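Encoded as structure tokens, the structure appears first; notes follow it.
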Amino acid sequence: MNRKGKISLTCGTLLFIASACYNDNKEEIYQNANNDCDTSNVTYSATIKAIVTANCAISGCHSGTNPSANLDYTSYADLETSASNGALVNRINGRGALMPQGGPALPECQITQIETWVNDGAPNN
């Protein structure tokens, strides 16, 4: 490749790299990120129980004859205790041991729904 070709290639590459460094506004990008998350009618029976059953009250965790931390989330009572003392929200937000242990964090919508339920007093509804 001749010198003129190398210069053109270098300039083109630098132009491409510079255009990739556009600074997006985080608020504009994520303004609709949580719009599909319904928190208007979060209940234990219709919302929270399904999240907990799928992610927490599973074998080797918070269910069975020897549940982790002696918290059996297959029933409302132990879950309500964790909700009332702040442990549930702390754990799903990564304060202390992140839950679900060994798994991916809960989706943001499910965290928001649990927080809404806890903030409403964690009712057995």
Query raised in the report: By count of other Cβ within 10 Å, fewest leading, how are Ile7, Ile48 ordered?
Result: Ile7, Ile48
Report summary line: Taking every other residue with Cβ under 11 Å from the Cβ of Cys56 and scoring Lys and Arg +1, Asp and Glu -1, one gets 0
Query raised in the report: How long, wide and thick is segment 44-119, going by the Cα atoms along their three principal axes, in whole angstroms, largest first?
Result: 30, 25, 22
Requested in this report: Could you tally the net charge around Val118, taking each other residue with its Cβ under 15 Å from the Cβ of Val118, Lys/Arg +1 and Asp/Glu -1?
Outcome: -1
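Bear in mind these aren't lab numbers, they're just calculated from the coordinates by the rules spelled out. Note that the structure is predicted; figures quoted are calculated from it, not measured. Cβ: placed from backbone, ideal geometry, glycine included. Neighbour counts: every protein chain shown.
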